[in-house]
Amino acid sequence: MLRITEVRLPIDHPEGMLRDAILEKLSIPAHELSGYTVFRRGVDARKQNRITFIYTLDVETPKESEILARMAGDPRVRPAPDTRYRFVAHAPAALKDRPVVIGTGPCGLFAGLVLAQSGFRPILLERGRSVRERTADTFRFWRKRAFDPESNVQFGEGGAGTFSDGKLYTQIRDPRHLTRKVLTELVAAGAPPEILYVSKPHIGTFKLVKVVEAMRKTIVSLGGEVRFRTRVRDIEIRSGEVRGVVLDGGEKIPCTRLVSAIGHSARDTFEMLADRGIPMTAKPFSVGLRIEHPQAVIDRARFGKQAGHPLLGAADYRLVHHCQNGRSVYSFCMCPGGTVVAATSEVGCVVTNGMSQYARSARNANSAIVVGVTPEDYPGGPLSGIAFQRRWEQRAFLLGGENYDAPGQRVEDFLAGRPSTGLGTVRPSYRPGVDLTDLAACLPDYAVDALREAIPAFDRKLRGFAMDDAILTGVETRTSSPLRILRGGDGQSTGLRGLFPAGEGAGYAGGIVSSAVDGIEAAEAVALSILETEPATTDPG
């Protein structure tokens, strides 16, 4: 099979034009084209008067060898890579002990799935509730301020990514095509098939609920076990090796391989691991605010006269600015046609995040605009970033009225350094509600200065970004894990044999797909370590 890249066509092109473009590119007659599939479709909107689709195509032809020889100098025509997933191992016939996975976010679910597909019958432990119960708890909080610290945007089946835009694109290096494994499994679990080829795939919250449930059922059908409301309180250690976990109620589950797939908000678990002497270090992350604009403003800025075209959908953006004070400000987790959501995991804190449904049809666009911070900003050890986050989250709680409302401010007022006293044309989507104030009080001065410089700079790149009535809410602190749990080349903790730190909470991923890929690799590392001590059976292929 051949892969052709950079095939550009108008967004309104008829279907036959794609076939014609292949014939022209390869200089072959129609009867020599056996078939083709769209591997990737992106949008180039840099020239608003000529917006195009950019295709990557996998082409079948009996003349493959001749075409490759004839077009050897063309980098846009090459053999299509083999993206099939191959299991590294299969469980022994008499498996002595089952691996345990802590957490059922993308990392934990994919670690559990691959272990189950390989015959290892994993046990998945989730401190929160099942995804459907958790969804009800989360919406109850947003509507009635009934907060459950164990079942919310951060904790529960599916992880924090369940309440997001469901973005499925990543920039990680992926020589083994593990992202293809992730997307293929998501489609098998009920995700829209288009995620396999659109350049910026997303699922949306409600569809993710069903996908997560289906993945759990697959794990269980293959001999795995998933337990909810099951918080790991401690790890049993003997002679520097994992020997089991201790649950909140005192129950002990023996195991010698433990995947720590906790999210970036499992602060009490981080503290337990630190108390146990697990090597970890503070790492950089970012803090800032959420900004909302009318989606129509973003559509016009990106697509011009083509705004509203059904094939383009709601426009997104990605912005970066390097400030005079040495800080960098960038847009993060941009949610077209979405809402800003309450995402705290602790009592007495306010945290913002963004969420979209699959249709991306809500009135506002939102994105975090965040400032990079480093351990130099929060000295004191591996857990110091958590204290830094909590400080500003508690400040936001106070500014919002101590009832989980978020503090908010119009952009014009934020740039002028004065509190907002009324809303303009943009209505904030955050629930339970927004209290207008001066957001400068809920971030460090250097972050406020950087944001005030960046917003007008972003407006020069994306017209309307600094519109007076755009609304800011705070505070955005959970952009990534504030620490990294150290691991070696075999995937195991550098200080505890049998512990496999993985995913976003461990500091090795950011987002659904990269977390899922890290979960796959953690499962493979567990499988290979088991086979070092137990005889293997046939590889499942």
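Near the amide H of Arg8, within less than 5 Å, lie the amide hydrogens of Tyr55, all on another chain or at least 5 residues away, with H placed in the peptide plane.
Taking the centroid of alpha carbons for each part, the range 368-411 and the range 28-52 are 45 Å apart. Distance between the modelled labels on Arg180 and His13, one decimal in nanometres: 2.2 nm (7 Å Cα→Cβ projection). In sequence order, the range 481-492 has phi-based couplings of 5, x, 8, 10, 8, 6, 9, x, x, 8, x, 9 Hz under the Karplus curve 6.51 cos²θ - 1.76 cosθ + 1.60, θ = phi - 60°, and Gly or Pro positions carry x. Placing pseudo-labels 7 Å out from each Cα toward the beta carbon at Ile172 and Ala214 gives an inter-label distance of 2.2 nm. Here the range 1-119 exposes an accessible surface that is 50 percent carbon and sulfur, computed with a 1.4 Å probe and the other protein chains kept in place.
With the Cα gyration tensor of the range 395-441 giving a ≥ b ≥ c as the square roots of its eigenvalues, does the rule (a/c under 1.5 for rounded; else a/b larger than b/c for prolate; else oblate) give rounded, prolate or oblate?
Values: a/c = 2.58, a/b = 1.25, b/c = 2.06.
Cα axes put the range 395-441 in the oblate bin.
Would the chain count as rounded, prolate or oblate if I go by the C-alpha gyration tensor, calling it rounded below 1.5 in a/c and otherwise prolate when a/b exceeds b/c, oblate otherwise? Judged from the Cα gyration tensor, the chain comes out oblate (a/c at least 1.5, b/c at or above a/b). Rolling a 1.4 Å probe across the protein heavy atoms gives the chain an accessible surface of 41 Å² per residue.
Below 13 angstrom from the Cβ of Gln306, what's the summed charge of the other residues (Lys, Arg +1; Asp, Glu -1)?
Values: positive: Arg46, Lys47, Arg50, Arg300, Arg302, Lys305; negative: Asp12, Asp44, Asp299.
That sum, taken over residues with Cβ under 13 Å, equals +3.
Taking a ≥ b ≥ c as the square roots of the eigenvalues of the Cα gyration tensor of the range 87-234, is the shape rounded (a/c under 1.5), prolate (a/b larger than b/c) or oblate? Write down the numbers at each step before the final one.
Numbers: a/c = 2.12, a/b = 1.14, b/c = 1.86.
It is oblate, given that a/c is not under 1.5 and a/b is not larger than b/c.
Leaving out ligands, DNA and RNA, what percent of the accessible area of the range 398-541 is carbon and sulfur, probe 1.4 Å?
48 percent
Surface composition of the range 180-225: carbon and sulfur make up 58 percent of the accessible area, probe 1.4 Å.
Of all DSSP beta bridges confined to the chain, the antiparallel ones make up roughly 80%.
Cα-Cα over 30 Å: which of Lys96/Lys210; Lys252/Lys283; Lys96/Lys181? As for pairs spanning more than 30 Å Cα to Cα, those are Lys96/Lys210; Lys252/Lys283. Basic side chains Lys and Arg get +1 at the Cβ, acidic Asp and Glu get -1 at the Cβ, and with that the dipole of the chain about its Cα centre reaches some 580 debye. Straight-line cross-link partners of Lys207 among the lysines, defined as a Cα under 18 Å from its Cα and at least 8 positions apart when in the same chain: Lys167, Lys217. The calculated pair-distance distribution of the range 275-318 uses every alpha carbon pair, bins of 5 angstrom beginning at 0, and gives 5, 16, 19, 11, 9, 8, 8, 6, 6, 7, 5, 1 percent. Below 26 Å, Cα to Cα, which lysines can Lys305 reach? Residues fewer than 8 away in the same chain don't count. By straight Cα distance, Lys305 reaches Lys47, Lys200, Lys461. Note on Tyr169: accessible area is roughly 90 Å² with a 1.4 Å probe, heavy atoms of protein only. Across the range 346-362, rounded Karplus estimates of 3J(HN,Hα) from the backbone phi angles (6.51 cos²θ - 1.76 cosθ + 1.60, θ = phi - 60°) give 10, 5, x, 10, 10, 9, 9, 8, x, 8, 9, 8, 4, 6, 6, 10, 5 Hz, Gly and Pro being marked x.
From the P(r) of the range 1-86, could you give the percentage of C-alpha pairs in the tail past 17 Å? More than 17 Å apart: 48 percent of the Cα pairs in the range 1-86.
Considering only Tyr36, Gln389, Ile291, and ranking their Cα positions along the charge dipole of the chain that arises from unit charges at the beta-carbon of Lys, Arg, Asp and Glu, the one farthest toward the positive end is Tyr36.
The lysines whose alpha-carbon is closer than 26 Å to the alpha-carbon of Lys63, local same-chain residues fewer than 8 away aside, are Lys25.
The values are calculated or read from the model by the stated rules, or taken from the named source; none is laboratory data. These figures come from a predicted structure and were not determined experimentally. So basically every Cβ, Gly included, is an ideal-geometry build from the backbone, and we count neighbours across all protein chains shown. In case anyone asks, the SASA skips ligands and DNA or RNA and just uses the protein heavy atoms, side chains included. Shrake-Rupley method; radii C 1.70, N 1.55, O 1.52, S 1.80 Å.
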